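Reading through the structure tokens given below for one structure.
The values are calculated or read from the model by the stated rules, or taken from the named source; none is laboratory data. Keep in mind that what you see is a predicted model, and the values were worked out from it rather than measured. Every residue, glycine as well, gets a Cβ built from its backbone with ideal geometry; the counts of neighbours run over all protein chains shown.
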Amino acid sequence: MKSQGVPAEDRARSKVPEPRAFLDEALAEARDCILAEQAPEGYWCWPLEADCTIPSEYILMMHFMDEIDRALEVKLARYIRARQMAEGGWPLYHEGPFDMSASVKAYYALKLVGDDVNAPHMARARALILSRGGAARANVFTRIALAQFAQVPWRAIPFMPVELMLAPAWFPITLKKVSYWSRTVMVPLLGLCSLRVRARNPRGIGIPELFVRPADEERDYFPIRSVMNFILCKLERIGFVLERVIPKGLRARALDKAEAWIIERLNGTGGLGAIFPAMVNAYEFLAVRGYAPDHPYRRDALVAIQKLLVVGDEEAYCQPCVSPIWDTGLVCLALMETDREGTRAAVARGLTWMRDRQLLDEPGDWRESKPDLAGGGWPFQFENSHYPDLDDTSVVAWAMEESGDPAYAESIRRAAEWVAGMQSENGGFASFDADNTHYYLNEIPFADHGALLDPPTSDVTARCVTLLARAGAGDRYRAAVARAVSYLRSEQESHGAWFGRWGTNYIYGTWSVLVGLRAAGIDPEDPAVRAAVAWLHSVQRDDGGWGESNDCYHDPATAGQGVRSTAFQTAWAVLALLAAGEGDSAAVRRGVDYLLAARVPGGLWEDVEFTAPGFPRVFYLKYHGYARYFPLWALACYRRCVAG
């Protein structure tokens, strides 16, 4: 369990240095392991794992298209079975609670593969699903899949007509008003749903046994979340009834526009949006629109999906996307801190590989709100030219600036100019867009996941501050940094931490912000910094580490708490405290001791925990690289700050 308050020994200052030889040895072993994992092209990229929803959706896609790879679906099914909860369902993250939508999709996928409904694991899953209200209580995306497989009526899904492609700018719902990930998922889905597309489902398998009452008789598909949601649900049902009077010519024009939009953003073998759900929807939409299997568009779309597979001897899973830019930028920062001379060649290969992938003149969607801003960002994935990411861009340019190599000066300048130009009106920074804050859209029936938007967040803002404070010559970005710092101050929680949108959770957010505040020149004795330090002390665990579960996204009262300490969260906490000037504190020393003791044979660290949300409360991720490079980075920073 975690320690309560700030123990006296943590308030004291430790004067006993870590034995330098032991620390050096640990850093050298971890450094060498990570260097050995660099790709010949220069990048680093570890698997990005999600819950069983994604492999289940892969099986559903194969049966939707009647393109079944029997050997692959068997391996995917083994992966799904191995991650079933003892009580019968499936969670969204390791040791998380039962999730209805993940469980319905996992059950259906296993049944499609051929699992006997009377097998013990299927019976347990079915009983738990029924006890929680049945498949009718699944989320919108799951019900859309069920409608395509004729398991629920089309009235069970929200009315989202493809004619939204033609909506004028003033209309309440337009593509520009939603996030990049929503955009890329929605456009092909609008077409599929408007056409009432049916899955081929060659084995004719359904799941009527997962409904408490027959699906056709179910009326409560849209639970009310708020007063506004109630009003919007009523309006949505009116639209559903009136859909039949939409002129055929108008629908044809909207479908053509959706098709053109998708084709422009197919991204080669990188896939639409470079994220799995959008890729699958696009692949199915292209098939429905008559593209043959050997057509380049459809062929590349399938290759993009297949490239996400991680196939082992017994099991297989599908990644939601890949993270080479993010991994490579962070690894370069960790290696430069660890051994600048010894890793110079490897870091140079990594930075040069990234420099050549900077998006300078590509027609990204972000240009709709910033048409006069020159490009300069990087995506998260290998290819995603329409959607550079401010978080990745800040990390990459930060690493280039840290290298001190003048070869990257122009890349840094373009990156910083682009980042500064993407600042939102409230001073914060989002991931892909500026001022994507039409919050009423999270109340529409389609948005039951509550993640339709890309508003500014503390973690991304802090990373942008880190870059702009380091890259700005003189007062170039002083005003932008000041506005961002004001935003960060306004976002600090009452207990002293900051919310982490893209990493779990308050430990990640607090690390991000404290590093940003230090780069911005904020005094370590600033009240905001001291409150954050006190919070980190208060949630340090008895073993010296830190650990925070994704449960805190559901219950903020559990901020900083988890079942166990983890290497990556301990590293974030140590890095945060070092940034706050706490290098000689007992808390940092205990955190370092935990990291040194937690190494596994081979010199690295392992964690079973999911490390980040894709969407808080809806979708979570495990970055397999986080337990490698973050502990290395933290120990290296500690050595520089404290051990000489």
Checklist entry - For region 122-173, how many residues meet the condition of being buried (at least 18 other Cβ atoms within 10 Å of the Cβ) and of a type in the set (Ser, Thr, Tyr)? => result 1
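Restricting the search to region 585-598, which residues are within 16 Å of Phe568 (Cβ to Cβ) and in a helix (DSSP H, G or I)? Walk me through it before giving the result.
Step one: filter region 585-598 for residues within 16 Å of Phe568 (Cβ to Cβ), giving 591-592, 594-598.
Passing the criteria: Gly591, Val592, Tyr594, Leu595, Leu596, Ala597.
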Next on the checklist: Going by what's in this entry, would Ala627 be described as assigned to a helix (DSSP H, G or I) and closer than 21 Å to Leu48 by Cα?
Outcome noted: yes
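Just to confirm my filter: which helices (runs of 4 or more DSSP H) fall fully inside region 16-93 and include at least 2 residues that are modelled with pLDDT of 95 or more, in contact with a Cys (Cβ under 6 Å, 6 or more places away or on another chain) and closer than 18 Å to Thr142 by Cβ? Let's see the steps before the verdict.
Working: elements: 20-36, 53-65, 70-82.
The qualifying helices (runs of 4 or more DSSP H) are 53-65.
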Checklist entry - Has region 344-359 got at least one residue that is part of a loop (DSSP other than H, G, I, E, B), touching a residue at least 40 places away in the same chain (Cβ under 8 Å) and surrounded by fewer than 21 Cβ atoms within 10 Å (Cβ to Cβ)? => result no
Checklist entry - Among the residues of region 109-122, is there at least one that is under 30 Å from Pro247 (Cβ atoms) and either in the same structural domain as Leu272 (by TED's automatic domain parsing) or in contact with a helix residue (DSSP H, G or I) (Cβ under 7 Å, 6 or more places away or on another chain) (or both)? => result no
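Only residues that are assigned to a loop (DSSP other than H, G, I, E, B) and in contact (Cβ under 8 Å) with a residue 24 or more places away in the chain: list them for region 313-343, please. Spell out how you get there, then give the answer.
Let us first name the residues in region 313-343 that are assigned to a loop (DSSP other than H, G, I, E, B), namely 313-315, 319-323, 340-343.
Correct list: Glu314, Glu315, Gln319, Pro320, Cys321, Val322, Ser323, Gly342, Thr343.
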Checklist outcome for this item: Checked against (1) buried (at least 20 other Cβ atoms within 10 Å of the Cβ); (2) part of a helix (DSSP H, G or I); (3) more than 22 Å from the chain's Cα centre (by Cα), Gly375 satisfies every condition except (2)
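For (1) out of contact with any Phe, Trp or Tyr (no Cβ under 9 Å at 6 or more places or on another chain); (2) of a type outside the set (Phe, Trp, Tyr), each residue gets a yes or a no:
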site: Tyr487; (1), (2): no, no
site: Ser490; (1), (2): yes, yes
site: Phe499; (1), (2): no, no
site: Ser512; (1), (2): no, yes
Checklist entry - Which number in (1) modelled with pLDDT under 95; (2) farther than 23 Å from Phe98 by Cβ marks the one condition that Ala156 misses? => result (2)
Item to check | Every residue from region 241-296 that is under 18 Å from Leu192 (Cα atoms), of a type in the set (Ser, Thr, Tyr) and either surrounded by fewer than 24 Cβ atoms within 10 Å (Cβ to Cβ) or touching a strand residue (DSSP E or B) at 6+ places or on another chain (Cβ under 7 Å) (or both) | outcome: Tyr291
Checklist entry - Does any residue in region 417-445 that is without any contact (Cβ under 8 Å) to a residue 24 or more places away in the chain come within less than 7 Å, Cβ to Cβ, of a residue that is hydrophobic (A, V, I, L, M, F, W, C) six or more places away or on a different chain, and which pairs are these? => result Thr437/Leu453; Tyr439/Leu453; Asn442/Leu452; Asn442/Leu453
Checklist entry - If you take the residues in region 410-463 that are of a type in the set (Val, Ile, Thr), surrounded by 19 or more Cβ atoms within 10 Å (Cβ to Cβ) and not in a helix (DSSP H, G or I), which one is nearest to the chain's Cα centre (by Cα)? => result Thr457
Checklist entry - Can you pull out the residues in region 496-523 that are under 18 Å from Ala471 (Cβ atoms) and small (Gly, Ala, Ser)? => result Ser512, Gly516, Ala519, Ala520, Gly521
Item to check | Residues located in region 464-519, provided they are touching a strand residue (DSSP E or B) at 6+ places or on another chain (Cβ under 9 Å), among the hydroxyl-bearing types (Ser, Thr, Tyr) and surrounded by fewer than 23 Cβ atoms within 10 Å (Cβ to Cβ) | outcome: Tyr487
Item to check | Within region 599-624, tally of residues that are under 19 Å from Ser565 (Cβ atoms), in a loop (DSSP other than H, G, I, E, B) and within 26 Å of the chain's Cα centre (by Cα) | outcome: 9
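Would you say Asp389 is in contact with a Ser or Thr (Cβ under 7 Å, 6 or more places away or on another chain) and closer than 18 Å to Asn436 by Cα? Walk me through it before giving the result.
Details: in contact with a Ser or Thr (Cβ under 7 Å, 6 or more places away or on another chain): yes; closer than 18 Å to Asn436 by Cα: yes.
Against the criterion (in contact with a Ser or Thr (Cβ under 7 Å, 6 or more places away or on another chain) and closer than 18 Å to Asn436 by Cα), Asp389 qualifies.
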Item to check | Selected residue [among the aromatic types (Phe, Trp, Tyr) and either more than 30 Å from Pro613 (Cβ to Cβ) or at pLDDT below 95 (or both)] from Tyr291, Tyr317, Tyr283 | outcome: Tyr291
Checklist entry - Got a number for residues in region 253-276 being touching a residue at least 40 places away in the same chain (Cβ under 8 Å), in a loop (DSSP other than H, G, I, E, B) and more than 14 Å from Phe380 (Cα to Cα)? => result 1
